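Here the structure comes first, spelled out in structure tokens, and everything after it is commentary.
The values are calculated or read from the model by the stated rules, or taken from the named source; none is laboratory data. Predicted model only: the values in this text are computed from it and were never measured. Quick reminder, even Gly has a Cβ in these numbers, built from the backbone with ideal geometry, and neighbours come from all protein chains shown. Note: accessible area is taken over every heavy atom of the protein model, side chains too, but ligands, DNA and RNA are not part of it. Shrake-Rupley method; radii C 1.70, N 1.55, O 1.52, S 1.80 Å.
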Amino acid sequence: MTQKTLELVDRASDRKVSLPVRPGTIGPSVVDIAPLNRELGVFTYDPGFGATAACESRITYIDGDAGVLLYRGYPVEQLAEKSTFTEVAYLLLHGELPSRKQIDEFTSSIRHHTMINESLLRFFNGFHYDAHPMAMVSAVVASMSAFYHDTMDIYNPRQREIFAHRIIAKIPTIAAAAHKHALGQPYVYPRNDLDYCSNLLHMLYAVPCEPYEVDPVAAQALDLLFILHADHEQNASTSTVRLAGSTGTNPYAAIAAGISALWGPAHGGANEAVLTMLEQIGTVDNIPKFLSQAKDKTSHVRLMGFGHRVYKNFDPRAKIIREMCHKVLSRLGRSDNPLFELALRLEEIALQDEYFIERKLYPNVDFYSGIIYSAIGIPRSMFTVMFAIARTVGWVAHWQEMIADPAMRIGRPRQIYTGPTRRDYREIGSRA
Ligand code: SDX
């Protein structure tokens, strides 16, 4: 098949440049713009990377107009219904659904890497009791590189695999320790007899003075939320992990950079901001007043949990989580949850408002997730930490894909310069 090209003519110099066009297996093709700088001496300009493919990937595909999300080709709706987070983690890391033997080995390896070095646990004592859990988790993950020197050769596939299992296994333990530190309660050690989400809930809620039974409804709800949050193509935090990792830094530092990027309210921090927003709105009567603020650019108020850079239709994850809310709340005996009722009305009213319609702003993954986190007892300050636990799988999958690519180069974007032209230094006495 002859390769397509995009022909550009620079009218000023009457020079022509041919840009190769590469098709993906599905979705938009890409234009290789390298010849633009090489032959015409110009850069492309795309702040926010709204139209820029920064890499080639085989992990996740999103169709924002059709509201499609595929993990290694499998629709997220099917994985949400039929799979588990541990199986989805294997799929994202290895590219195929595991055999029984493969998932048993993977599950066993994860379960036997859940403890963290006791010195790492002592790091938490250095934080003030009211430190935000994301600050503690990002700091402790970054510090892991001081403990695991045996997995620092990023070009050794076995060491990459050991790193992947370690960070996926330990991030729940670190998250739970941050929560326990905030409560002033003793840390709860992981249990190898529990599945991934039951173990996390046990570490979050168990106390030494009495046995703690994990609620299977809560564990199942968390597992489903983790599947939906596991990966999402080149979002801000995943792109951060790729850019940091492209320098050859150790993988723990790259993941810690991703955690920091996820924290922002425009990204993973939105789930925490949605609950704060719902509580500020308080009642259905206040919705119109809030929406007028969200539509007023000068207010700096946004309808949190709404809008998405890629989805210009429903975020498929939001639809699944909204349905989950109905089931989880009724199974937990909280179907009259006032915040959920308020969120449903807020969505209904916003989706009839011209401002949101014409800008194609729909609920995203963060709009309803906090309702479920709250219902299973997760404190609001831990919502984004939950997101980080799940997204660690995606970050690791993308980091591995990039490092294993022999064509990997350090990421180094350029700019358009609009500052002063060259000028000479002036002594202070001659300045105005
Ligand atoms: C996640 O990238 C990913 O895949 C992220 C994520 C993942 O899984 O990794 O899906 C997870 O981060 C979901 C998004 C969570 N964030 C929020 O819910 C915060 C609220 N949403 C926004 O701030 C915003 O919608 C973004 C950040 C999500 C997207 O921003 P864009 O693509 O830069 O869109 P934009 O700011 O250019 O908005 C386009 C227009 C603007 O109005 P105009 O200038 O055209 O008049 O829509 C308006 C914006 O003012 N707008 C909103 C709005 N979101 C966009 N107005 C009010 N409320 C909002 N939420």
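Can you find, within the stretch 310-329, the residue that is most open to solvent (accessible area, probe 1.4 Å) among those that are in a loop (DSSP other than H, G, I, E, B) and within 12 Å of the ligand (Cβ to nearest atom)? Show your work before the answer.
First, pick out the residues of the stretch 310-329 that are in a loop (DSSP other than H, G, I, E, B): 310-315.
Then keep just the ones that are within 12 Å of the ligand (Cβ to nearest atom); that gives 310-312, 315.
Working: V310: 49, Y311: 5, K312: 69, D315: 1 Å².
Selected residue: K312.
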Exercise. Kindly indicate whether any position in the stretch 195-204 is closer than 23 Å to E161 by Cα, in a loop (DSSP other than H, G, I, E, B), away from the ligand (no atom under 16 Å from the Cβ) and open to solvent by 30 Å² or more (accessible area, probe 1.4 Å).
Key: yes
Exercise. Return the only residue of D353, D336, D405 being at pLDDT 95 or above and open to solvent by 40 Å² or more (accessible area, probe 1.4 Å).
Key: D405
Self-check item: Pairs, first over 10 Å from L361 (Cα atoms) and without any contact (Cβ under 8 Å) to a residue 40 or more places away in the chain in the stretch 301-312, second open to solvent by 40 Å² or more (accessible area, probe 1.4 Å) and more than 6 Å from the ligand (Cβ to nearest atom), C-beta under 7 Å, six or more apart
Solution: V301/Q293
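Looking only at the stretch 348-373, count every residue that is in a helix (DSSP H, G or I) and free of Cβ contacts under 8 Å to residues at least 24 places away in the same chain and tell me the total.
Count: 4.
For (1) modelled with pLDDT under 95; (2) under 21 Å from the mean Cα position of the chain (by Cα); (3) open to solvent by 10 Å² or more (accessible area, probe 1.4 Å), each residue gets a yes or a no:
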{"site": "R100", "(1), (2), (3)": "no, no, yes"}
{"site": "I103", "(1), (2), (3)": "no, no, yes"}
{"site": "H112", "(1), (2), (3)": "no, no, yes"}
{"site": "L120", "(1), (2), (3)": "no, no, no"}
{"site": "H128", "(1), (2), (3)": "no, no, yes"}
{"site": "P133", "(1), (2), (3)": "no, yes, no"}
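What residue, among those in the stretch 15-60 that are of a type in the set (V, I, T) and in a loop (DSSP other than H, G, I, E, B), is least open to solvent (accessible area, probe 1.4 Å)? Write out each step before concluding.
Just the residues of the stretch 15-60 that are of a type in the set (V, I, T), to begin with: 17, 21, 25-26, 30-31, 33, 42, 44, 52, 59-60.
Filter again for in a loop (DSSP other than H, G, I, E, B), leaving 25-26, 33, 42, 44, 52, 59.
Numbers: T25: 144, I26: 89, I33: 73, V42: 65, T44: 75, T52: 67, I59: 3 Å².
Applying the filter and picking the extreme gives I59.
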Quiz item: Here are some conditions: (1) modelled with pLDDT of 95 or more; (2) surrounded by 14 or more Cβ atoms within 10 Å (Cβ to Cβ); (3) over 22 Å from P413 (Cα atoms). D10 meets all but one. Which one does it not meet?
Solution: (1)
Quiz prompt | Of all residues making up the stretch 227-252, the number that are open to solvent by 20 Å² or more (accessible area, probe 1.4 Å), outside any helix (DSSP H, G or I) and within 16 Å of the ligand (Cβ to nearest atom) | solution = 3
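Is it the case, given these coordinates, that A256 is among the aliphatic types (A, V, I, L, M) and free of Cβ contacts under 8 Å to residues at least 40 places away in the same chain? First the steps, then the outcome.
Working: among the aliphatic types (A, V, I, L, M): yes; free of Cβ contacts under 8 Å to residues at least 40 places away in the same chain: no.
Criteria not met by A256.
Condition first: crowded, with 17+ Cβ neighbours inside 10 Å and within 10 Å of the ligand (Cβ to nearest atom). Now tell me which residues in the stretch 281-309 satisfy that. Give the derivation first.
Going residue by residue through the stretch 281-309, those that are crowded, with 17+ Cβ neighbours inside 10 Å are 281, 287, 290-291, 294-295, 302-308.
Within the stretch 281-309, L291, A294, K295, R302, L303, M304, G305, F306, G307, H308 meet the criteria.
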Quiz prompt | For A432: the one exception among (1) modelled with pLDDT under 95; (2) away from the ligand (no atom under 16 Å from the Cβ); (3) under 23 Å from A273 (Cα atoms) | solution = (3)
Quiz item: Taking the stretch 253-279 on its own, how many of its residues are part of a helix (DSSP H, G or I), more than 8 Å from the ligand (Cβ to nearest atom), of a type outside the set (D, E) and open to solvent by 20 Å² or more (accessible area, probe 1.4 Å)?
Solution: 5
